[in-house]
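What follows is a single structure, written as structure tokens, with notes after it.
The values are calculated or read from the model by the stated rules, or taken from the named source; none is laboratory data. For clarity, every value in this text was computed on a predicted model and none was experimentally measured. Methodologically, a virtual Cβ is constructed for each residue, glycine included, from the backbone with ideal geometry; neighbour enumeration extends over all protein chains shown.
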Amino acid sequence: MTEPVKIKRPEFRNLNLFSDVRTYRMPPAAIVSILHRASGVLMLALLPFIIWMFDTSLSSEYSFARFTAVFAGQGVFPGWFIKLVALALIWAFLHHLGAGMRHLVLDVTHRTTKEFGRSSAIATFVFSLVLTALLGAKLFGLY
């Protein structure tokens, strides 16, 4: 009798936090998914700031002037810091919007191929970063 030929099968194992995570290359779709969650948490954390901005900008002419003065500096916070917080909020909204639309397209069209996942993830990055750069340039007075 001949012995059966043993075929080397791929080994699947859990990632080790200390040795494997540093060398593991995540695909763009995984990065977009993680950033989608992070942007949602950031928007939730900045919700009091969003409500304050909305209320102050709409209450009266005096409150709107006070609102715009905050971006020149308020108390211990310099103006550039407050603008960076607003820019982080802008990025969080745009990335969350783009990633949410990506997930809707994936759900509706059932296009779950690796190529479409990669290209739609890169499109989400480009969408959020380009629009954030444009709005950030406007926020910091470059145009």
### Task
Any chance you could count how many residues in segment 39-55 are aromatic (Phe, Trp, Tyr) and closer than 16 Å to residue 94 by Cβ?
0
### Query
Which residue pairs have Cβ atoms under 6 Å apart, sit 6 or more places apart or on different chains, and have a first residue in segment 92-119 that is closer than 30 Å to residue 136 by Cβ and a second that is β-branched (Val, Ile, Thr)?
94/132; 98/124; 99/32; 99/124; 102/124
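Could you check, for segment 72-88, whether at least one of its residues is within 14 Å of residue 35 (Cα to Cα) and modelled with pLDDT under 95?
Just the residues of segment 72-88 that are within 14 Å of residue 35 (Cα to Cα), to begin with: 88.
Within this subset, residues satisfying the condition of being modelled with pLDDT under 95 are 88.
Checking segment 72-88: at least one residue is within 14 Å of residue 35 (Cα to Cα) and modelled with pLDDT under 95.
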### Task
Look at residue 134 and say whether it is surrounded by 15 or more Cβ atoms within 10 Å (Cβ to Cβ) and either among the aliphatic types (A, V, I, L, M) or assigned to a helix (DSSP H, G or I) (or both).
no
#### Entry: Evaluation of residue 39 against (1) without any contact (Cβ under 8 Å) to a residue 12 or more places away in the chain; (2) not in a loop (DSSP other than H, G, I, E, B) (one fails), failing number
(1)
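Would you call residue 33 touching a residue at least 24 places away in the same chain (Cβ under 8 Å) and out of contact with any Gly (no Cβ under 8 Å at 6 or more places or on another chain)? Break it down into steps so the answer makes sense when it comes.
Values: touching a residue at least 24 places away in the same chain (Cβ under 8 Å): yes; out of contact with any Gly (no Cβ under 8 Å at 6 or more places or on another chain): yes.
Judged against the criteria, residue 33 is a match.
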### Summary
Within segment 107-122, residues being in a helix (DSSP H, G or I) and surrounded by fewer than 16 Cβ atoms within 10 Å (Cβ to Cβ) number 9
### Query
Is at least one residue of segment 68-78 more than 23 Å from residue 134 (Cα to Cα) and surrounded by 10 or more Cβ atoms within 10 Å (Cβ to Cβ)?
yes
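If only one of 18, 49 is closer than 23 Å to residue 140 by Cβ, modelled with pLDDT under 90 and either surrounded by fewer than 14 Cβ atoms within 10 Å (Cβ to Cβ) or of a type in the set (Phe, Trp, Tyr) (or both), which one is it?
Working: 18 fails: closer than 23 Å to residue 140 by Cβ.
Step by step, each of 18, 49 is checked, and only 49 is closer than 23 Å to residue 140 by Cβ, modelled with pLDDT under 90 and either surrounded by fewer than 14 Cβ atoms within 10 Å (Cβ to Cβ) or of a type in the set (Phe, Trp, Tyr) (or both).
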